[in-house]
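K.L.:
One structure, as structure tokens, below. Some questions next.
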Amino acid sequence: MIEIKNISKSFGENKVIDDVSFVFEQGKTNLIIGESGSGKTTIMKLMVGLHEIDSGEILYDGLNFPALGVKEKQEVRKKIGMLFQGGALFDSQTLEENIQFPLDMFTTMSKEEKLERVNFCLEKVQLTNKNKLYPGELSGGMKKRAALARAIANSPQYLFCDEPNSGLDPKTSIVIDNLIQSLTHEFNITTIVITHDMNSVVEIGQKILYIYKGKHWWTGNSQEILKTTNPELVDFVFASGFMKEVFNVVKNK
Amino acid sequence: MNLFFHLGRYFILIKRVFSKPEKLSVYMRQIIHEIDNIGISSLPIIAIISFFMGGVITIQAAFGFTSPIIPLYALGFTTRESMLLEFSPTIVCLILAGKIGSNIASEIGSMRITEQIDALEIMGINSAGYLILPKIAAGILILPFLIAISMFLGIFGGYVMGIATGACSSYEFIFGIQAFFEPWKLWYSFSKVITFAFLITSISSYFGYYTHGGALEVGKSSTAAVVYSSILILIFNFILTQLFFT
Ligand SMILES: Nc1ncnc2c1ncn2[C@@H]1O[C@H](COP(=O)(O)OP(=O)(O)OP(=O)(O)O)[C@@H](O)[C@H]1O
Ligand SMILES: [Mg+2]
């Protein structure tokens, strides 16, 4: 469980995150949704300490992360897996080396065990036998999936995914969503997923935080979001005609 | 103000670089990789430059030494002294500052802007140590060898040109190379090389590590890396020369 309490962040004059509080629950897929530029990625980076918060608290199972020393932070981070919005794969390494990297660093696994784990992760993201490719040789969606494989390689306790299915076709997108959800349930991970994709919201949104202009605007789950009357959220959710139709179907049930 | 800001941040970074490595075996692997990347790949350019510079020094010296009082073996002596004291340790390191410095700064800089450094941090790795320590270590280990090769090839180039242009005989040149040799001068030269190796790798890493923005800034970082490494090489060249020669 990760709890954020009244966190705020400004970049210069620009107040990007304004007094946001939320509880990201263990064993659930917690979503952060909102328009482009609303501050989703910033919240995630604040939570893992890539940006420093101006005020507030971030509690990892009760441990106030921003107050920890460098070494203690590193210990918490070893339990974090993170998928960056841009992938952030290591260019100079093959996929296999990328995924193996956290294992090399922090485990005493043998070569065979590592390879087995790498292949397992690659299979999960549907990149079987792509071990020897370099990130430069992958498509955008493949990079995303490879980065997800690296994020889950060392069996994280906290999984952060920044738009795991942007750039993916609807079918692969669902595979990835299901993967994230099943990992979350199976290993009782605290999972935080940023998404724009209403499909994912409905599929895996067990707990949802809607951010509007850096503010905590609405919380609920995938059922409640379809019945919301919050005007900004309605605009966000039903921006497409498709979602409007879905909504009508749900309402008439 | 700006200078103190950079100095302060540089020393903080260096402190992080020299904190205890997470896993020695991974670092060792990186060092070997960097030795190849920094050192071996620089060999061809160093070889060519040194050979021709040595040759040119000899020809110029032969042209200047027209007085009958100056013995012909002075050619070998002059070439050796120029190569050993200044050309190989300083000028070649300046050239390497251009090659290695821009390489390191752009590599680390592009890792910064594509969030690869953040990814390392999130895994709980000391990114400064992991990325920079192997480069500094590799530089300090391999540059003395490169410079030794440069010294040898420079003198060899002088020998070849000296003979080829008929400026002196083989015997005279070789006699000159051996004349009045003082071993402490090698200490001086290699102290310079090790200092410069540290300066080039650490300063370039610093500029790469603190890149902000996009591809344009990566270019700026690598320019800054080369400029500041070169300036500091010149400053330290002066300081070390003062120390050794007084
Ligand atoms: N390092 C930074 N320095 C200054 N401003 C920043 C920085 N990072 C983000 N911002 C600003 O913070 C705001 C929120 O950015 P953020 O990346 O969190 O948006 P987002 O919700 O993730 O958007 P998207 O869905 O497009 O990824 C933007 O206005 C952006 O300009
Ligand atoms: Mg974002």
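K.L.:
When you scan the stretch A:113-221 for helices (runs of 4 or more DSSP H) that lie fully inside it, which ones turn up with 1 or more residues that are open to solvent by 50 Å² or more (accessible area, probe 1.4 Å) and within 16 Å of ligand 2 (Cβ to nearest atom)?
P.N.:
By residue number, A:140-153.
K.L.:
Quick check: anything in the stretch A:70-87 in a helix (DSSP H, G or I) and within 16 Å of ligand 1 (Cβ to nearest atom)?
P.N.:
There is no residue in the stretch A:70-87 that is in a helix (DSSP H, G or I) and within 16 Å of ligand 1 (Cβ to nearest atom).
K.L.:
Any residue at all in the stretch A:230-241 that is within 30 Å of A:Phe120 (Cα to Cα), outside any loop (DSSP other than H, G, I, E, B) and either out of contact with any His (no Cβ under 7 Å at 6 or more places or on another chain) or open to solvent by 70 Å² or more (accessible area, probe 1.4 Å) (or both)?
P.N.:
no
Conditions (1) open to solvent by less than 50 Å² (accessible area, probe 1.4 Å); (2) more than 16 Å from ligand 2 (Cβ to nearest atom); (3) of a type in the set (Phe, Trp, Tyr), marked per residue:
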site	(1), (2), (3)
A:Ile2	yes, yes, no
A:Gly56	yes, yes, no
A:Phe65	yes, yes, yes
A:Lys79	no, yes, no
A:Phe106	no, yes, yes
A:Met109	no, yes, no
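K.L.:
Taking the condition of being within 16 Å of ligand 1 (Cβ to nearest atom) and either within 12 Å of chain B (Cβ to nearest Cβ) or in contact (Cβ under 8 Å) with a residue 60 or more places away in the chain (or both), how many residues in the stretch A:43-69 meet it?
P.N.:
8
K.L.:
Taking B:Pro144, is it of a type outside the set (Lys, Arg), within 14 Å of chain A (Cβ to nearest Cβ) and closer than 22 Å to B:Ser191 by Cα?
P.N.:
Taking the combined requirement at face value, the residue does not satisfy it.
K.L.:
Next question, about the same structure. For the stretch B:210-226, indicate whether the set of residues that are under 30 Å from B:Pro71 (Cβ atoms) and surrounded by fewer than 23 Cβ atoms within 10 Å (Cβ to Cβ) is non-empty. Let's see the steps before the verdict.
P.N.:
Of the stretch B:210-226, the ones under 30 Å from B:Pro71 (Cβ atoms) are none.
No, the conditions are met nowhere in the stretch B:210-226.
K.L.:
Hey, any hits in the stretch A:175-193 for a residue that's more than 16 Å from ligand 1 (Cβ to nearest atom), within 14 Å of chain B (Cβ to nearest Cβ), of a type outside the set (A, V, I, L, M, F, W, C) and in contact (Cβ under 8 Å) with a residue 40 or more places away in the chain?
P.N.:
No: zero hits.
K.L.:
Please give the number of the condition B:Ile69 fails out of (1) part of a loop (DSSP other than H, G, I, E, B); (2) of a type in the set (A, V, I, L, M, F, W, C); (3) within 14 Å of chain A (Cβ to nearest Cβ).
P.N.:
It is condition (3) that B:Ile69 fails.
K.L.:
Something else now. Collect the residues in the stretch A:82-97 that are more than 16 Å from ligand 2 (Cβ to nearest atom) and surrounded by fewer than 24 Cβ atoms within 10 Å (Cβ to Cβ), keeping them in residue-number order.
P.N.:
Residues satisfying the conditions are A:Phe90, A:Asp91, A:Ser92, A:Gln93, A:Thr94, A:Glu96, A:Glu97.
The values are calculated or read from the model by the stated rules, or taken from the named source; none is laboratory data. Because the structure is predicted, anything quoted here is derived from the model rather than measured. So basically every Cβ, Gly included, is an ideal-geometry build from the backbone, and we count neighbours across all protein chains shown. Accessible surface areas use protein heavy atoms only, side chains included; no ligands, DNA or RNA. Shrake-Rupley method; radii C 1.70, N 1.55, O 1.52, S 1.80 Å.
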